[in-house]
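I have placed the structure first, in the form of structure tokens, so that the comments after it can refer back to it.
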Amino acid sequence: MHEWANRRSRIYWYDQYALNEQGTAFARYDPDRIAGELVSVGADIVALYAANQFGVAYYPSDLWPMHPGLQGRDYFGELCTRLQASGIRVVAYINWLNSRRADWNLIPLGCEDRSRYAEQRLASWADPADPDRRVQALPGGGWRFSCPLSPQRGQVVEIAREILARYRPDGFHLDMFHGVPICVCERCRAALAPILGTKEITAAVIEAHWQEYIDWRCRESAAVIGGVSAVLRQHGVVAAHNAGVPFLPVSYGFSEEWLPHLDVMVSEAFDAFLCHPTDLNATSIVVRLARGLGIAPWLLRTSAQIHHAHWPISTAQWRLYAAAGKANGCRAFGPCGIGAYPDTTTARRMLAHVKAGFDAYMEDADLDEGARPVARVALVFSWATRRYFGSGRTNGSVAWAEEFMGWARVLMEEHLPYEIVVAERVTSAEDLAAYDLVVLPGVCHLSDGFCDAVQRYVQQGGQVLATGETSLGDERGNRRADFVLAELLGVHWQGSSTGPFAVERPVEPEPATGILQQVAAVGQVVIHSLVVDPAGSVAGVEDPLPLAAAGWPLVVEHTTGRGRTLYVAFDLGRRATLHGDEHLEALMIELVDRLLPERQVRVSGPRTVEVTVWEQADQRRTVVHLANRTVAHTLPTDQRQIREIVPVHDLVVRLRRGGNAARVSARQAEATWSCEGDELVIRVARLEAYAALVIEG
């Protein structure tokens with residue numbers, strides 16, 4: 001129904017922030033100029049404010065107060081009409097945040113000063129007699145979340161209904177509902193009392209009843225999104241709410257229950273915020289995950305530097321993220337964050353840099369048509385593990401995400417194409433049959449059905465690499481006495497310990513630390529752990545002296561039917577995420593290669609070059625995407641921005657021939673090719689931000 005939302009497009013998330021008490025707000029409002037600027041950069045889709053970050057309308061609403069700076073002018077309506085007349089799709093954008101009803105405010109868990117969430121000074125134009133027009137003069141960044149149980153949930157539905165009836169936008173977006181903290185206001189206390197057994201909501205109480213709490217939290221969050229999307233579906237409008245990314249804490253509310261209410265997954269390139277556990281690879285991982293969830297990924301890149309709200313990122317950054325988007329099948333890509341100044345003008349440099357990013361993204365869009373990934377490695381994501389892993393911690397644990405990201409990054413840096421497979425969508429071994437290797441990165445909470453599919457996959461000749469607590473819990477968050485996959489993995493669980501140990505290696509013991517699963521091995525022990533000096537480290541860090549005595553099995557290999565498994569008894573990927581230790585990443589690579597029959601692609605070049613392989617069956621061609629993330633060694637940091645992408649010279653790509661290739665060509669690079677035995681060898685003279693190798697025939 002929404003074919004336009006699922007093809008490569010340029011999207012301008014046109015943020016028009018304005019304070020509630022600001023004389024310059026809308027001082028240079030000119031709808032013809034604004035629409036002309038958005039057309040000039042080449043946008044196919046524009047997300048347009050219908051209400052701002054304070055819950056103040058930019059159109060004459062019957063429900064929410066209108067910003068006085070507009071002087072009665074219909075900002076949303078005038079721009080929507082002009083943009084749609086120019087062939088641009090419009091997404092109406094409202095916000096869960098509000099500055100009107102302090103009595104609806106969320107009170108975060110652990111808040112010691114509740115006066116901060118009481119009503120603040122009113123704006124000069126507020127109507128004190130009307131509860132919905134008691135607009136506060138909150139400062140920039142002084143955001144106030146409404147409680148998810150407050151009447152705000154009904155108001156956003158009615159606002160959506162009002163906007164759709166008046167303006168007929170193509171899409172609709174509710175922002176800032178994906179990051180709502182745990183609330184302990186009176187509404188939540190009353191609702192949770194039957195679930196938690198008390199109205200006194202503390203961290204300890206939530207930890208003791210984590211499964212019950214988080215199930216309730218996710219249901220209530222999805223109900224709000226579902227209420228808005230029900231109105232959108234009545235009007236045939238795309239539901240493009242901000243889902244954040246599933247690597248954020250589950251306590252924020254976003255969960256798998258949202259998916260039926262979304263038509264696209266809007267995610268910001270959240271590594272731009274320099275928050276753990278992100279890096280330059282995180283964008284690619286998020287796009288792959290959206291595809292694994294079966295939903296069109298829309299990728300937004302914060303268009304301004306963190307320390308300058310309205311000044312643009314460099315064109316090098318745009319090229320870098322455009323390359324990641326193209327290589328991974330992103331459907332819509334563009335800027336977000338604070339774009340236009342409060343007076344409605346935009347820095348000319350911002351517009352120029354956005355256009356450069358759009359141009360880079362849309363190059364070679366024909367390679368995207370009818371393409372599907374053909375990776376031979378699967379990395380498993382589990383909703384249940386995200387929800388229940390580390391139960392007993394107030395926000396849930398991010399340790400599962402660290403383990404997942406560690407393996408995702410190592411696969412990427414080893415130039416191994418991989419796809420993300422969602423455990424809850426696997427119903428049989430046939431769902432895994434396309435893969436030579438399936439990686440289970442500490443996916444603790446798995447259903448019997450998924451585990452049965454994995455066992456049959458291995459019996460039929462598949463390879464599985466599993467780590468840590470994989471299959472030690474069920475899909476409802478309950479712990480098991482042993483791994484469900486114990487017989488497959490050749491290990492039985494005995495207990496666990498946390499702390500330093502050493503890894504038995506050919507040359508010398510190597511240091512490690514983490515959560516060590518103590519297992520009895522039925523399969524072949526490939527590597528033992530070594531106990532370390534109980535006195536601890538002389539330096540107070542994590543590498544005390546290894547002793548000679550062998551400890552628990554650390555890596556166990558087992559054969560079942562025609563396939564094999566490797567089990568790693570600690571959170572190896574998490575250590576790679578936290579520290580990137582060379583010796584531990586080398587172990588990860590060794591284990592992958594021990595199982596893989598052969599690498600799908602072999603690359604001679606830096607680990608910072610991402611490689612993905614897609615197939616266009618109708619054109620009988622294979623496309624190898626090369627996305628270069630080799631940047632100056634001092635970058636990125638929170639003080640310096642990326643200004644330069646370092647070119648890669650003499651890159652060599654080798655892959656097995658599927659017959660005699662009729663022709664090999666390169667986009668955005670010069671390349672030569674030859675056949676050497678059963679391999680196709682492609683040499684790229686110089687790789688800038690991106691190149692595509694097209695193999696036809």
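The table for this structure:
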{"read-out": "Efficiency of FRET from Cβ geometry, A203 and R425, R₀ 41 Å, rounded to 0.05", "value": "0.75"}
{"read-out": "Surface share of carbon and sulfur [accessible, 1.4 angstrom probe, percent] for segment 277-373", "value": "53 percent"}
{"read-out": "Taking only Cα atoms of segment 363-449, radius of gyration then Dmax in Å", "value": "15.2, 49"}
{"read-out": "Mean separation of Cα contacts under 8 Å, 6 or more apart, over the residue count of segment 47-146: relative contact order %", "value": "29 percent"}
{"read-out": "Carbon plus sulfur fraction of accessible area for segment 411-502, probe 1.4 Å, in percent", "value": "42 percent"}
{"read-out": "Estimated FRET transfer efficiency (E615, V39; beta-carbon r; R0 30 Å; 0.05)", "value": "0.30"}
{"read-out": "Interchain or long-range residues, amide H under 5 Å from T302's placed H", "value": "A269, C336"}
{"read-out": "Gyration tensor (alpha-carbon) shape descriptor, segment 441-547, a/c threshold 1.5", "value": "prolate"}
{"read-out": "In degrees, nearest ten, helix 448-459 long axis to first principal axis of the chain (Cα)", "value": "40 degrees"}
{"read-out": "K199 accessible area, 1.4 Å probe, all protein chains in place, Å² to nearest 10", "value": "100 Å²"}
{"read-out": "Crossing angle, helix 399-413 versus the chain [Cα axis fit, 0-90 degrees, rounded to tens]", "value": "70 degrees"}
{"read-out": "All-pairs alpha carbon distance profile, the chain, 10 Å steps from 0, percent", "value": "3, 14, 23, 25, 20, 11, 4, 1, 0"}
{"read-out": "Accessible area of segment 540-633 belonging to carbon and sulfur atoms, whole % at 1.4 Å probe", "value": "50 percent"}
{"read-out": "Charge dipole of segment 552-697 about the Cα centre (unit charges at C-beta), most positive-ward option of A689, L572, V592", "value": "A689"}
{"read-out": "Label-point separation, H307 to D130 (7 Å along Cα→Cβ), nm", "value": "4.3 nm"}
{"read-out": "Dipole in debye (nearest 20) - segment 576-697, about Cα centre, beta carbon charges: Lys, Arg +1; Asp, Glu -1", "value": "380 debye"}
{"read-out": "Assigned charges on the beta-carbon of Lys, Arg, Asp, Glu; the chain dipole about Cα centre (debye)", "value": "1380 debye"}
{"read-out": "Dipole magnitude (debye, nearest 20) for segment 511-659, charges at Cβ of Lys, Arg, Asp, Glu", "value": "800 debye"}
{"read-out": "Cleavage-rule hits, GluC sites (Glu not before Pro), segment 62-162, DSSP coil, Cβ neighbours within 10 Å at most 10", "value": "E112"}
{"read-out": "Whole-number D in µm²/s for segment 217-315 (Stokes-Einstein; Kirkwood sum over Cα pairs; 20 °C, 1.002 mPa s)", "value": "146 µm²/s"}
{"read-out": "Dimensionless Rg over Rh [segment 134-271; C-alpha; Kirkwood]", "value": "0.99"}
{"read-out": "Å² of accessible area per residue within the chain, as computed with a 1.4 Å probe and no ligands counted", "value": "37 Å²"}
{"read-out": "Length released on extending from Q494 to D103, taking residue separation times 0.36 nm less the Cα-Cα span", "value": "135.6 nm"}
{"read-out": "Measure of compaction for segment 1-152 (Cα Rg per 2.2 N^0.38 Å)", "value": "1.16"}
{"read-out": "Global form of segment 71-227, assessed from the alpha-carbon gyration tensor, a/c cut-off 1.5", "value": "oblate"}
{"read-out": "Helix 348-362 vs. the chain, principal-axis angle (Cα, 0 to 90°, nearest 10)", "value": "40 degrees"}
{"read-out": "Sum of -39500 (n - 2.57) over DSSP H runs of 4+, divided by residues of the chain (222 nm, nearest 500)", "value": "-8000 deg cm²/dmol"}
{"read-out": "Largest to smallest accessible area among V526, V439 [probe 1.4 Å]", "value": "V526, V439"}
{"read-out": "Share antiparallel - DSSP beta bridges, the chain, percent rounded to 5", "value": "60 percent"}
{"read-out": "Segment 297-425: projected area of the alpha-carbon convex hull, averaged over directions, in nm²", "value": "10.9 nm²"}
{"read-out": "Alpha carbon centroid spacing (whole Å) that separates segment 411-482 from segment 561-634", "value": "17 Å"}
{"read-out": "Cα-Cα pairs of segment 465-504 separated by more than 11 Å (percent)", "value": "70 percent"}
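The values are calculated or read from the model by the stated rules, or taken from the named source; none is laboratory data. Owing to the predicted nature of the structure, the values given are computational and were not obtained by experimental measurement. No Cβ is skipped: glycine too gets one built from the backbone with ideal geometry, and neighbour counts run over all protein chains shown. Side chains are part of the model used for accessible areas, which takes the heavy atoms of the whole protein and leaves out ligands, DNA and RNA. Shrake-Rupley method; radii C 1.70, N 1.55, O 1.52, S 1.80 Å.
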